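Below is one structure, written out as structure tokens, with a few remarks after it.
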Amino acid sequence: MWKRFLIAFVVLLIIFGGIFGFKAYMDAKTKQAQMMHGIPKTYVTVAYAKLQNWQLYLESIGNVVSIDSVNATTQVSGQIEKIYFDSGQTVKKGQILTKLDDSTQKAQLEQYKAQLILDEFNYNQYKELYKKNAASKASYIQALSALKQTQALIAQTQSIIDKMTIKAPFSGVLGIRYVSVGQYVNPGQSIISLYTIDPIYVDFTLPQNDLEKIKVGQEVEIHTDSNPNEVIKGTIKTISVNINSVSRNATVRAIVENKGYLLKPGMFAKVNIVLPKIPNAVVVPSLAITYNPYGDYVYVVSKKGNEYIANTAYVQLGQTQDNKVVVLKGLKSGQMVVTQGQLKLRNGSPVIIESVEKD
């Protein structure tokens with residue numbers, strides 16, 4: 001048995017030895033071919049690292065909030081007699097919006113005014129008689145009480161009549177109306193929404209670590225999905241003194257001029273808080289960066305003899321914006337970096353520059 005086992009072992013050894021020997025032979029031939037013909041050159045697109053004044057921002061997400069907003073309601077019951085507005089209309093403070101039917105109340109008011117004439121006459125008569133001791137004090141007080149009650153009824157009825165004319169509590173833009181002419185409304189029922197939207201607020205949050213970088217009056221830039229190419233500028237109005245105990249964020253409120261009504265209450269907005277510029281920052285296209293868990297790097301192209309060679313250079317990055325990134329360390333202005341074709345490169349690869357990116 002041991003002789004057969006030994007024979008089988010020798011046969012297997014010869015077979016695997018032949019396989020590994022053949023592979024080593026082919027690898028040697030490949031390396032020899034590469035040595036003879038050189039590493040293939042890769043076509044790449046490059047760009048130059050440039051110096052520029054880099055504008056820094058703090059970025060956040062915010063919500064658009066009207067300075068004042070209310071659902072205009074009625075304080076008394078009644079049937080709508082007239083509507084004086086259109087949905088979406090701009091109105092001034094005190095402008096009449098809706099009028100309820102007040103004919104019954106006006107009739108009551110005239111009745112009380114007529115009663116007032118009699119009560120005033122009786123009061124004056126009892127007042128003179130009381131002075132002459134011709135009438136009792138109780139009669140005089142009763143006449144005075146009747147006069148005061150009628151005056152109160154007149155004031156009460158006039159107040160109800162006034163409340164049946166609904167006016168705008170402040171200047172702003174109306175929303176969509178909820179009622180129609182002839183409809184009976186009850187106290188507290190919404191008639192129309194009213195918003196102050198010029199200027200308008202944008203509320204957003206920032207981490208507590210960033211609060212030292214901002215102050216009241218600092219410029220902000222607002223971007224919305226509905227107008228992506230429009231930059232709406234405003235200033236910080238208020239910085240909350242309260243920090244959220246869970247998120248450790250603070251709420252910040254900016255006030256924004258909204259002449260074209262591009263911002264509407266409830267709208268989602270991207271907020272950029274403008275920080276001081278960094279002078280002479282080294283900037284390259286974002287496509288030049290190869291991101292790696294062990295460190296970000298770029299391929300720097302330099303001329304060696306008659307060839308262009310790409311070598312890796314590890315970099316420390318700053319802020320990214322508009323498809324460009326600031327390089328804090330590892331790169332100098334004027335150096336050429338690869339922006340397309342990196343996947344085929346390795347350190348020391350020869351390249352052919354196909355094109356140079358321009359700003």
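Data table
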| item | result |
| --- | --- |
| Linear extension gain, Ala155 paired with Asn227, 0.36 nm per residue minus alpha-carbon span | 20.6 nm |
| Mean residue ellipticity (222 nm) of the chain, computed from DSSP H runs ≥ 4 via -39,500 (n - 2.57), nearest 500 | -9500 deg cm²/dmol |
| Computed label-point distance, nm, for sites Lys93 and Gln125 using a 7 Å Cα→Cβ extension | 5.0 nm |
| Radius ratio Rg over Rh of the stretch 76-187, counting only Cα atoms, Kirkwood formula for Rh | 1.25 |
| Residue-count net charge about Ile232 - beta-carbon cut-off 11 Å; Lys, Arg +1, Asp, Glu -1 | 0 |
| Computed over the stretch 232-348, Kirkwood Rh from alpha-carbon pairs, angstrom | 18.2 Å |
| Local net charge near Leu174, Cβ-Cβ under 12 Å (Lys/Arg +1, Asp/Glu -1) | +1 |
| Only Lys, Arg (+1) and Asp, Glu (-1) charged, at Cβ; the chain dipole about Cα centre in debye | 1200 debye |
| Net charge over other residues, Cβ less than 11 angstrom from the Cβ of Asp203 (K, R count +1; D, E count -1) | +2 |
| Gaussian network model of the chain, springs between alpha carbon atoms under 10 Å - residue of Val256, Val298, Val64 with greatest fluctuation | Val298 |
| Volume in Å³ per residue [convex hull over Cα atoms, computed for the chain] | 346 Å³ |
| Cα-based Rg of the stretch 198-277 normalised by 2.2 N^0.38 Å, two decimals | 1.10 |
| Distance between the stretch 327-359 and the stretch 66-144 - C-alpha centres, whole angstrom | 84 Å |
| Neighbour-limited loop hits for trypsin sites (Lys or Arg not before Pro), the stretch 81-175 (at most 16 other Cβ within 10 Å; DSSP other than H, G, I, E, B) | Lys92, Lys93, Lys132 |
| Full-extension gain in nm, Tyr84 to Val241, via 0.36 nm per residue minus C-alpha separation | 52.2 nm |
| Mean Kyte hydropathy of -1.0 or more with a Cα span along the axis of at least 27 Å, helices from DSSP in the chain | 2-37, 137-163 |
| Max mean-square fluctuation residue, GNM over the chain, Cα-Cα springs under 10 Å, options Tyr299, Tyr126, Tyr314 | Tyr126 |
| Largest-first principal axis extents, alpha carbons of the stretch 180-231, Å | 57, 29, 18 |
| Accessible area per residue in Å² at 1.4 Å probe, computed on the stretch 76-187 | 62 Å² |
| Links that overshoot a 30 Å alpha carbon limit, given the list Lys215/Lys332; Lys213/Lys324; Lys92/Lys233; Lys264/Lys358; Lys41/Lys358; Lys106/Lys264 | Lys215/Lys332; Lys264/Lys358; Lys106/Lys264 |
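The values are calculated or read from the model by the stated rules, or taken from the named source; none is laboratory data. Given the structure is predicted, the values throughout are model-derived calculations rather than measurements. Here the Cβ is made from the backbone with ideal geometry for all residues, glycine too, and neighbour counts use every protein chain on show. Quick note on the areas: whole protein, heavy atoms, side chains included, nothing else; ligands and nucleic acids left out. Shrake-Rupley method; radii C 1.70, N 1.55, O 1.52, S 1.80 Å.
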